[in-house]
1. Averaged over its residues, how many other protein chain Cβ atoms are within 10 Å of peptide A:137-146's Cβ atoms?
2. Given axes a ≥ b ≥ c from the Cα gyration tensor, I'd like to know whether segment A:71-160 is rounded (a/c under 1.5), prolate (a/b larger than b/c) or oblate.
3. Take chain A, mark every one of the trypsin sites (Lys or Arg not before Pro) that falls in a DSSP loop and has at most 11 other Cβ within 10 Å, then report the longest stretch left between them, sites excluded.
4. Rank B:Gly47, B:Gly103, B:Leu124 by how far each Cα sits towards the positive end of the charge dipole of segment B:16-152 (+1 on Lys, Arg Cβ; -1 on Asp, Glu Cβ) and give me just the farthest.
5. Given a 10 angstrom Cα cut-off, can you work out which residue in B:Pro91, B:Pro40, B:Pro62 is the most mobile in a GNM of chain B?
6. Do the alpha carbons of any pairs in B:Lys61/B:Lys123; A:Lys82/B:Lys123; A:Lys49/B:Lys61; A:Lys82/B:Lys78 sit beyond 29 Å of each other, and which pairs?
7. Do you know the relative contact order of chain B, to the nearest whole percent, from alpha carbon pairs under 8 angstrom that are 6+ apart?
8. Assuming a ≥ b ≥ c are the square roots of the Cα gyration tensor eigenvalues, decide whether segment B:5-152 counts as rounded (a/c under 1.5), prolate (otherwise, with a/b larger than b/c) or oblate.
Amino acid sequence: MILVTVGMQLGFDRLIAAMDTLAPTLGLPVIAQTGKGRYTPQHMDAQAKIAPAEFERLVQQSRLIVSHAGIGTVLTAARFAKPIILVPRRAALGEHRNDHQLATVNQLSGRPGILVAMDEAALPARIAEGLAVKDWSAVQSSTARQLHRALAAFIENRPL
Amino acid sequence: MKSGSTRVLAAASGGGHWEQLMLLRATLDNYDIRFATTEPAVAAQHGIESADRLPDCNQNKPLQSALCGLVALWIVLKHRPQVVISTGAAPGFFCILAGRLIGARTLWIDSVANGEQLSLCGKLSQRWAHECWTQWEHLGTDARPRYFGAVL
């Protein structure tokens, strides 16, 4: 199953509509949390809001997550070692108050398990890559290694 | 492990703050680690049965905040940690303040969600914690906040 989420607070119809169009071609069921969008999906099992416990269960069951570039979802995907494709909301399209999600994807791009689709046109290729991702639960990004080392140094009162 | 006897209190609110603490667990588990959180039920899901409960609070709720400060002090006095760390938010900051009162070394790791500027508690930690780290390289400075990587 592929889980699509745009969070609960805002709509992101560009992503929902693109995934709805792709859904029949993916060969997997698609479940979507559509937030406050107006588009009504035809090919996905869609809910405006999914309760947190249920959402976590769906993440655990999913093979791939397709999401707006919200850090909460990235952290949940990381906890269950699920590959995640991030599509940034764009302020110019009225999708958020500013372009901080662009900054987020630029920072996170290339870290283990994280793929970026800068727009909906890039989704088919990223989804194919995401479904091909092998288990990466043991892989640590270089930034995570750096933070773990610094944390150990701080706790042991060694020079940082 | 190498410094298994160092007593560490790690505090975070439920949700994203706690998730970030859990992503640091491989290192934290090398020490004599104690946890405090606003949602012990979530901690139990992670196999941590003994987490202390912190009342939730934020800057808009002064009474709750005062209560949270007292509970944080109680937890710190109970465990007497040598090190207190928090990934946020306000309840974790109170643990850092309480840690200072007993002479613990204190570390604030600002949430990876704060890519534009430090959180309010992060800004307070620039003054009150021994170390204040951001998880965003472009926000890092020579002193506070410093940048030493990210949980992701």
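Every read-out reported here was derived from the displayed coordinates using simple, explicitly stated rules and does not represent laboratory data. The shown structure was predicted, so the numbers you read here are calculated from the model rather than taken from an experiment. Positions of Cβ are generated from backbone atoms using ideal geometry, with glycine treated the same way; all protein chains shown enter the neighbour counts.
1. That average works out to 3.
2. oblate
3. Working: sites that count: A:Arg38, A:Arg97, A:Lys134.
That would be A:39-96.
4. Final value for the positive-end residue is B:Gly103.
5. B:Pro62
6. A:Lys82/B:Lys123; A:Lys82/B:Lys78
7. 20 percent
8. Rounded is the answer for segment B:5-152, as its axis ratio a/c remains below 1.5.
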